[in-house]
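Structure first, commentary second.
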Amino acid sequence: MIKEAMYIKSLTDLKDRPEVFPQILLLGRSNVGKSSFINSLTNRKNLARVSKTPGKTLLLNFYLLNQNFYLVDAPGYGYARRSKSLKDEFIIMIEKFLLNNQDLLFVCLLIDFKVGPTKDDINTYNFIRQLGREVVVIATKKDKIPKTKQYKQEKLIKSMLGTPELFISVSNVTKENIKTVESLFLERIENYYHEKEVYEEI
């Protein structure tokens, strides 16, 4: 269970990162509901705040959970009013983070369950995979689709992404499958520390 969660700092470069702990990166387009997802996952109302000026700030927000791992919230991509230079900076920042980060366990790509994967979502998914990183796809806003149509929508999303290995559809409103995500995160963190312990004993 995630018992503790606190905002630590925001940064643009890994060299400024806080104390070393394993990390899980959250990526998603603007308005996909990343802040709501973080608040639902950690059971906090205002841990992650929705930006009043989306697309203008390129910062990686570090949240320390259970005193032993970071949830790293990346800026939303696909924001139409962002300048080309800012879009280029975003790609460079994320690429550096993915390539040069030994503490990163995997990436969570958040997509909108109702809208389905946009061109930006598909490009980002393929980009992360090409860099050799594991991707867990989390589809938010599941409650926006009637239950009778959810199976068909999930099947469509998976086919558009080439059938991702790990796919979880969630609702920040009803909290559906939030516990499933929490269990996945905590299991991966536990495995990380167990493997580290075994390695250090050798």
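No value in this document is a laboratory result; all are computed from the given coordinates. The structure presented is a predicted model; accordingly, all values stated were derived computationally and were not measured. Cβ placement follows ideal geometry from the backbone for every residue including glycine, while neighbour counts extend to all protein chains displayed.
At a glance:
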quantity	calculated
For C108, residues with placed amide H under 5 Å, excluding near neighbours	L25, L26, L27, V136
Tail beyond 30 Å, pair distance distribution of region 5-201 (Cα, percent)	16 percent
Rounded to 5, percent antiparallel among DSSP beta bridges of the chain	35 percent
Proximal aspartates and glutamates to K147, defined as alpha-carbon separation beneath 14 angstrom and excluding residues fewer than eight positions away on the same chain	E176
Lysines with Cα under 16 Å of K3, excluding same-chain neighbours fewer than 8 positions away	K45, K179
Relative packing of 175-182, 160-167, which averages over residues the other C-beta atoms within 10 Å, highest first	175-182, 160-167
Eligible lysines near K119 by straight Cα distance, threshold 24 Å, same-chain separation 8 or greater	K34, K56, K84, K87, K96, K141, K142, K144, K149, K152, K155, K158
Gained length - N101 relative to R129, 0.36 nm times residue gap less alpha-carbon distance	8.6 nm
For peptides 66-72, 104-110, sequence by mean Cβ density within 10 Å, most packed first	104-110, 66-72
Cα-centre dipole for the chain with unit charges at Cβ (Lys and Arg positive, Asp and Glu negative), debye to 20	1400 debye
